[in-house]
Each structure stands twice: as structure tokens, then as C-alpha cells.
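**Q** Take this structure first; my questions come after.
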Amino acid sequence: MFALKPISQASVPSALAKAERYRLLNEPSEAESICRDVLDVDPKHQQARISLVLALTDQIPEDSRAFGEAIANTAHLDDAYDRAYYAGIAWERRARARLHTGGHDSHHQAYDWIVRAMQLFEGAEKLKAEGNDDAVLRWNTCVRMLQEHRELGPRAQEASEAILSE
């Protein structure tokens, strides 16, 4: 079997630039591989971790493992804002993928997941640095999605039946 070869620490900046280009070229699995190579030589590299999360979320529509791995990787982000913001992106992209896939209960699941994303963006907004409105931009995108897709909504609450005793 073949073994992975490590990259040098000096190549990390150019490797991350390549990962970004692969994401822009809609080749997220290549970007994911590069980010994993960077994290192999520097497990705490925050930009590599963020790029990995984004590359994984790009794959959510096609790859069932991508969402779980993206969420798991957000836990390794040092900054609380980043953890909330990038987890929000993962939930938002999961909701969009579910909406486009359709099927049984898709409108309720997509709604639940977009609301979860909005909760995370709201949490990130409270932690944001001055001048960083990225969480607000994502929140607004989610609101527009809900406005655009009026079919999305919460599950109807089941009415509990009265207990009849003898």
C-alpha cells in the first residue's frame, strides 16, 4: 500500500492558496486533501482548519460524511466566534442540500436546520469583532431563504390526547 508523504512547513502558505483555488474551481475534495496535509504538519493551524471545514461543507450535497466531519472540525477552532460561525455555515449548507434533495419531511428538516444555522449566526454575532458583519450577512441569507421558500416550516405540534380513566 502507498503511504502519504508529508509536506514541508515552508510550503504551508502556498498549499493553503492552492486549497482556496481548488474550492473556487469547485473541486472541494482536492482542497480537503490539501488542508489535511497542512494539518498533518501543523494540527493547530486555524486557517487550514477553517478551509477544511469549508471544503467539507462544499461537499455536503454529494457526500453523507461531509456534514459530520465539518461539525467535528469546528470544535477544533480556537475562537468561539469561529466555532459558532463555521458551524452555522455547515448547518445552512446542510439545510440547502436537504431542500434541493427533496423527499419525505425535507421541508421540515430544512427549516429546522436553517433555524439552527440562524441560532449559531446569532451567537457568533454577539462575539464578533468590530466591523465584522459576516454573521449578519449569513443570517440575512437564511431569512431570505425562508422568505423565498414559504413551504419551509416547523412540524405541526401534535395535539396530545386527553387521558381517559375509568
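Nothing in this text is a laboratory measurement; each read-out follows from the coordinates by a stated rule. All values derive from a computational prediction rather than experimental measurement. Reconstructed Cβ throughout: ideal geometry from the backbone, glycine too, with neighbour counts over all protein chains shown.
**Q** How big is the stretch 40-90 by the Kirkwood estimate over distinct Cα pairs, in Å?
**A** On the way: mean 1/r = 0.0928 Å⁻¹.
Result for the stretch 40-90, one decimal place: 10.8 Å.
**Q** Roughly how many debye, to the nearest 20, is the charge dipole of the chain about its Cα centre, given +1 on each Lys and Arg Cβ, -1 on each Asp and Glu Cβ, and no other charges?
**A** Charge dipole, the chain, about its Cα centre: 360 debye, nearest 20.
**Q** Counting pairs of Cα atoms in the chain, how many percent are more than 25 Å apart?
**A** Working: 5602 of 13695 pairs.
Counting every Cα pair in the chain, those more than 25 Å apart make up 41 percent.
**Q** Using a 10 Å cut-off around each Cβ, can you sort GLU69, GLU32, GLU20 from fewest to most neighbouring Cβ atoms?
**A** Details: GLU69 19, GLU32 24, GLU20 16.
The order, fewest Cβ neighbours first, is GLU20, GLU69, GLU32.
**Q** Using only DSSP helix segments of four residues or longer, with each worth -39500 (n - 2.57), what per-residue ellipticity at 222 nm results for the chain after dividing by its residue count and rounding to 500? Don't skip to the end; give the middle numbers.
**A** Working: 7 runs with 108 residues, N = 166.
Taken over the chain, the calculation gives -21500 deg cm²/dmol.
**Q** LYS5: which lysines have alpha carbons under 22 Å from its alpha carbon, excluding same-chain residues fewer than 8 sequence positions away?
**A** LYS5 reaches LYS18, LYS44.
**Q** Using the beta-carbon distance between SER33 and HIS100 and R0 = 22 Å, what value does 1/(1 + (r/R0)^6) give for FRET efficiency, to the nearest 0.05? It would help to have the intermediate numbers written out before the result.
**A** Details: r = 26 Å, r/R0 = 1.16.
Rounded to the nearest 0.05, the efficiency is 0.30.
**Q** Let me ask something additional. Please sort through the DSSP H helices of the chain and keep those with an alpha-carbon extent of at least 30 Å along the long axis and a Kyte-Doolittle average not below -1.0.
**A** Details: long enough: 80-101 (31 Å, -0.89); 106-127 (32 Å, -0.42).
Span-like helices here: 80-101, 106-127.
**Q** Mind jotting down a quarter of the surface of the convex hull over the alpha carbons of the stretch 1-80, in square nanometres, one decimal? Intermediate values should be presented prior to the final figure.
**A** Numbers: hull surface 23.1 nm².
Result: a mean projected hull area of 5.8 nm².
**Q** Using Cα springs under 10 Å in a Gaussian network model of the chain, which residue among HIS76, HIS104, HIS45 shows the largest mean-square fluctuation?
**A** Highest fluctuation among the options: HIS104.
**Q** Listing TYR81, TYR86 from the residue with the fewest other Cβ atoms within 10 Å to the one with the most, what is the order?
**A** Numbers: TYR81 18, TYR86 23.
In increasing order of surrounding Cβ atoms, one gets TYR81, TYR86.
**Q** Let me ask something else about it. Dipole of the chain (Lys/Arg Cβ +1, Asp/Glu Cβ -1, origin at the Cα centre): which of VAL143, VAL38, ALA15 lies farthest to the positive side?
**A** ALA15
**Q** Provide the gained length on full extension for the span GLU151 to LYS126, in nm with one decimal, where the gain is 0.36 nm per separating residue minus the Cα-Cα distance. Provide the component values of the computation, followed by the final result.
**A** On the way: separation 25, 0.36 × 25 = 9.00 nm, distance 3.00 nm.
Here the segment from GLU151 to LYS126 would lengthen by 6.0 nm.
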